[in-house]
Amino acid sequence: MTAAARPTEDKEQLRHLLLAVLARARRPLSTAELRDRVNAAGRSTAHHEEVYRNLLVLENRRRVTRQELHGRHVTWVLQAPRPPLSARVPRRHPLITAREASMTETGRRGGTSTTKPNREGR
């Protein structure tokens, strides 16, 4: 069976194995090193192109990061997990002053509120 004809679950299994190998690695690994370690782990023979293609899928999913060295040599590392949206702090533009930042946080400026309607109901 060719790599293109492999079932989806086999591709996902290879991706999980690639992530596991990278998690155990103490340094960034090249595509060839990843292929060798995956093949040594008892999986049926994975070809260089198949490993590279699946690493690109993982890169698009933001699970791994590519680090280019010289020429065609590339190494791969696990990408640090992103914090959940609820834990992220909103960023402010660097040109916003502290006074403007506090005004936008409280919604107040000169004793009025931008979040409450005025006396006329607007």
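Since every read-out is calculated from the coordinates, none of them should be taken as a lab result. Just so it is clear, the model here is predicted, and its values are computed rather than measured. Here the Cβ positions follow ideal geometry from the backbone for every residue, glycine too, while neighbour counts run over all protein chains shown.
Take every pair of alpha-carbon atoms less than 8 Å apart whose residues are at least six positions apart; their mean separation over the length of the range 8-78 yields a relative contact order of 35 percent. Length gained on full extension, GLN79 to ARG26, computed as 0.36 nm times the residue gap minus the Cα-Cα distance: 17.7 nm. Based on the Kirkwood approach, the hydrodynamic radius assigned to the range 8-78 is 12.0 Å, with every pair of different Cα atoms included.
Other residues lying with their Cβ under 14 Å from the Cβ of PRO28 contribute a combined charge of +2, Lys and Arg counting +1, Asp and Glu -1.
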